Structure formats: structure tokens, C-alpha cells
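Visitor: One structure, as C-alpha cells, below. Some questions next.
The values are calculated or read from the model by the stated rules, or taken from the named source; none is laboratory data. Being a predicted model, the structure only gives us computed values, none of them experimental. Every residue, glycine among them, receives a Cβ derived from its backbone with ideal geometry; neighbour counts consider all protein chains shown.
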Amino acid sequence: MLALSHFNCSGSPLLPYISNDSGGKVEAKVAVEGLLHHGNLTLLQPTTSGVIVVILSMTLGIISNIVALFILVNAYSLQRRRTKATFLLFATSLVVTDFIGHLIPGALVLRLYLSGGVHPEDFNSSDRMCQFLGGCMVFFGLCPLFMGCAMAAERCLGVTKPLLHSSLVTKTRTKICLCVIWLAALCVALLPCLQLGSYTYQDPGTWCFIKVLSDTAELDVAFVALFSGLGLTSLTVSLVCNTISGLTLVLYRLRRQPGSHHSAKSHDIEMVVQLVGIMVTSCICWSPLLIFGLMCVIHSYTQSIGEDLTGYKTLLVMGVRLATWNQILDPWVYILLRRTVLRKIYLITKCQSGLRANMISRWEPSFHSSEKNEVNRV
């Protein structure tokens, strides 16, 4: 989870040169006080309420992931169906990745937030912590998208071609697929170590990401295009696979004979419903950052940002804030969209509709009897 504070700057953000002697320090202090007095500069000061919000948000994410992980591990240990066990292995790996991706970057950003952030003059400089934080942003951003895509493809194969699925998909191959996903995301995140792109501090100086707004080069454009392209492609493949799986299950439900055995399909319905929840959450949380990042780097490289720089910074901050909610909302998909919860919702809905039907059936005889009495009186 990323906590993003705000710089509020107007006028010239440049401060005078500060020398090492005491006279220079006094002059710099007087200059800063003059800027503050005239309203040309507002310095960042972390507030207690902001820190409390950050801590509460991190706590919510950690608790959500732990609860979801407990549910998935318990279900995996009790599961005997291989198709369901494969899905639970994917889901457990996704929750573990979300948990680590919520904890490590969140702790680093909280540290930057408490220290007051990085000054705008130092945004283009990059230290080891910025490199690590930027790499975590890319790695823990791509992993859930790749896993959601792999889960959707696996379920699509299981629903449409169950015999082929049973012969191809095994626990060993699932673990290999997970390792390939983690390795692919790690390779993309480490590209700046090979000078193929770069990470820098982003406004307001409390987080690091790919260089997208200033001094962008061709490699930066290629890096952002790779990151956004992989993410958007994963979301598109997930959408297509989940649509095919959902339509297949709906057609099976319509063609099913009354009284036939359908427990296997009920498991498929539960998994597809959860996948749709994951896909919707990922689309809402990650699409803005993927699109805004690509827009920013293209306009920055073509030098067409101009006076819209502040607007692009705002869009980028909004995108990363939405992206951080993905690791908080993902666990609730498994907590709320389980078959037991869905069955209870179905039974409650059915009982409500049954009560309404009973009330209508009770009113109908009384209505008919009253009509007969009126006819007899006449």
C-alpha cells in the first residue's frame, strides 16, 4: 500500500544555494522565510491524521490478506478434486504475492512519508531505495495481472475442454507456471539494472516509478510501453477467457436436464465467479495507472506536455493510489465470493421470493371468496 503525501508549490520552486558556512545558512533561512511569507512556497509537513490513515489502510490490507490466505489454505488442504486444487494453488500464490507486495512497498513509502519525502529538485536522482521501490512497484504490479490471466486461461480450458485439461494441467506444471510468472515479472523489473529504462522519484516525492514525466529517453518510452502493454494484454486475455467460461456455464445450465447431477459444475461456477471478481478488481485498479503512465511518457518524450504537467502528475498519483487498492480488494473476492456465502445469499433470496409467493397465494383465495360473497348478495 502506498501512502502519497502532497507538495503544494506555487511560483518558483527553486531555493537559493546553501553554503556550508553559517552566513550561507542564515541567508538561505531568510530567503525561505520570505518565500513562505509571500505565499510562494509551502513546505511539506507530515500530519498525524495522514500517518494514521496510512497505518489503518496498511492494517486493513494485512488483515484481509491473512484472512483470505487462511481460507484458501484450509480449502486447499480439504480439496480432493484436482481441478479445484489447481485453482486454489493459483489463488493462494496470488494472495501471498499481494500480501508481500502490500507490506514491503508500503513500509518503504511510509518511511519516506514520515521523513518528509524527497525534495522536487532531487526527483531525477535515484538512490538504492528508489531503485528497489520502483522495482517492487513493477514486480508486484505485473505478478497479479499475470496470475489472473493464467487462472482465467486455466479455467477456460477446464470448462470448455475438461478432458484436455485433465491431461495437461497438473500440480507440478502449475508450480512451474507460477515460477515462470514470478521470473518473468522479475526480469521486467530488473531491466533498469541493465540500463534499459530507469526509476525515479515521483511527485510528491514519496514513491518511485518508471521515469515518465521529465528527461525521458527512448529506453524509458520502451520500458513503459512494455510494462503497460504486458498489463493491458493480461487484462484483455482474462476478459476473453472469463467471458468464454461464463457463456459456456450458462449454456450448460440452460441445457441441463432437471434432476441431473451438477456438483462438478457448481465448483466451476464458484471459480468463474471469483475470477470475474478478480478481473473486475484488476481492471478498475490497474487500468488507470497503465494508461496514464503510457500517456505521460509519450507526451513527455514528444515534449507536448507544456502547461499540462500538473494535470499529468495528478493523473499519475490517482493511478497509483487506485493500483494500491488492488492488494486490499483482491482478498475480499475469496472471502465474499465463496460457494458457502453464495449459497446463503441464494437461499435468502429464494426464501424472500417464497414468502412473497405465499403472501400472494394467501391473498388470492380471500379475494375469490369475497367475490363469491358479493355475487350471492346480489
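Visitor: Restricting to the stretch 325-342, name every residue that is within 8 Å of the chain's Cα centre (by Cα) and β-branched (Val, Ile, Thr).
Guide: Selection gives Ile328 alone.
Visitor: Now a separate question. Does Val159 meet the test of being more than 22 Å from Lys313 (Cα to Cα) and assigned to a helix (DSSP H, G or I)?
Guide: Spelling it out, Val159 is indeed more than 22 Å from Lys313 (Cα to Cα) and assigned to a helix (DSSP H, G or I).
Visitor: Next question. Can you pull out the helices (runs of 4 or more DSSP H) entirely within the stretch 270-378 that have at least 3 residues that are surrounded by 11 or more Cβ atoms within 10 Å (Cβ to Cβ) and modelled with pLDDT of 80 or more?
Guide: Values: elements: 309-324, 326-336, 339-377.
Hits in the stretch 270-378: 309-324, 326-336.
Visitor: Right, something else. Given the conditions (1) under 24 Å from the mean Cα position of the chain (by Cα); (2) not in a helix (DSSP H, G or I), and given that Thr216 satisfies all but one, which numbered condition is not satisfied?
Guide: (1)
Visitor: Continuing with this model, one more query. Of these, Val138, Val188, which one is β-branched (Val, Ile, Thr), in a helix (DSSP H, G or I) and touching a residue at least 60 places away in the same chain (Cβ under 8 Å)?
Guide: Details: Val188 fails: touching a residue at least 60 places away in the same chain (Cβ under 8 Å).
None of the others qualify; the one that does is Val138.
Visitor: Let me ask another. Between a first residue in the stretch 87-107 that is charged (D, E, K, R) and a second residue that is part of a helix (DSSP H, G or I), which pairs have beta carbons less than 8 Å apart while being 6 or more apart in sequence or on different chains?
Guide: Asp98/Asn65; Asp98/Phe140; Asp98/Pro144; Asp98/Asn326; Asp98/Gln327; Asp98/Asp330; Asp98/Pro331
Visitor: Can you tell me how many residues in the stretch 273-313 are within 25 Å of Pro144 (Cα to Cα) and among the polar types (S, T, N, Q)?
Guide: So the answer is 4.
Visitor: Do you know which residues across the stretch 309-325 are of a type outside the set (D, E, K, R) and touching a residue at least 12 places away in the same chain (Cβ under 8 Å)?
Guide: Leu309, Tyr312, Leu315, Leu316, Val317, Met318, Gly319, Val320, Leu322, Ala323, Thr324, Trp325
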